[in-house]
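Chemist: Shown below is the structure under consideration.
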Amino acid sequence: MGQVPINAWGNPVNPPMGQPKPKRIRCKLDTVADVKAEACKLYRSVRAKEIDASEAGKLAYLLQIIAKLAETADLEARLSELENEQ
C-alpha cells in the first residue's frame, strides 16, 4: 500500500477513505476593513474560549500580513491612477 501524500503543513492531501474533507472557511479579506472585521471575530472567539490563544496568535499574524498586502495593493493602485492622470 502506497504512502498518503503530505502537504506543506504535514497534513494528508486527501483524507482517508470514509472521512469527510475538512470544512473550508471562506471570508472576505480584500480590504484592510475586511481584515479588521475578521481580526475582531478572532478576538471574540478567543475571549469566548472557542479557539486557543496560541492558534489565534498565528492566525492574527497571518491577518496582519494580509492587511499589509491589501494596504500596499491599494496604494499601488492609487499611485498608478495618479501617474496615468499626468
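The values are calculated or read from the model by the stated rules, or taken from the named source; none is laboratory data. This is a predicted model, so every value here is computed, not measured. Neighbour counts are summed over all protein chains in view; Cβ atoms, including those assigned to glycine, are modelled from backbone coordinates with ideal geometry.
Chemist: Would you point out the residue of region 16-37, among those that are touching a helix residue (DSSP H, G or I) at 6+ places or on another chain (Cβ under 8 Å) and under 29 Å from Ile6 (Cα atoms), that is modelled with the lowest pLDDT?
Modeler: Cys27
Chemist: Oh, and also: Please go through region 27-86 and give me each residue that is in a helix (DSSP H, G or I), free of Cβ contacts under 8 Å to residues at least 12 places away in the same chain and more than 17 Å from the chain's Cα centre (by Cα), ordered by number.
Modeler: Once the filter is applied, which keeps residues that are in a helix (DSSP H, G or I), free of Cβ contacts under 8 Å to residues at least 12 places away in the same chain and more than 17 Å from the chain's Cα centre (by Cα), region 27-86 yields Arg47, Leu75, Glu76, Ala77, Arg78, Leu79, Ser80, Glu81, Leu82, Glu83, Asn84, Glu85.
Chemist: Would you confirm, using the coordinates I've provided, whether Pro16 is farther than 26 Å from Asp74 by Cα, surrounded by fewer than 12 Cβ atoms within 10 Å (Cβ to Cβ) and touching a residue at least 12 places away in the same chain (Cβ under 8 Å)?
Modeler: Values: farther than 26 Å from Asp74 by Cα: yes; surrounded by fewer than 12 Cβ atoms within 10 Å (Cβ to Cβ): yes; touching a residue at least 12 places away in the same chain (Cβ under 8 Å): yes.
Against the criterion (farther than 26 Å from Asp74 by Cα, surrounded by fewer than 12 Cβ atoms within 10 Å (Cβ to Cβ) and touching a residue at least 12 places away in the same chain (Cβ under 8 Å)), Pro16 qualifies.
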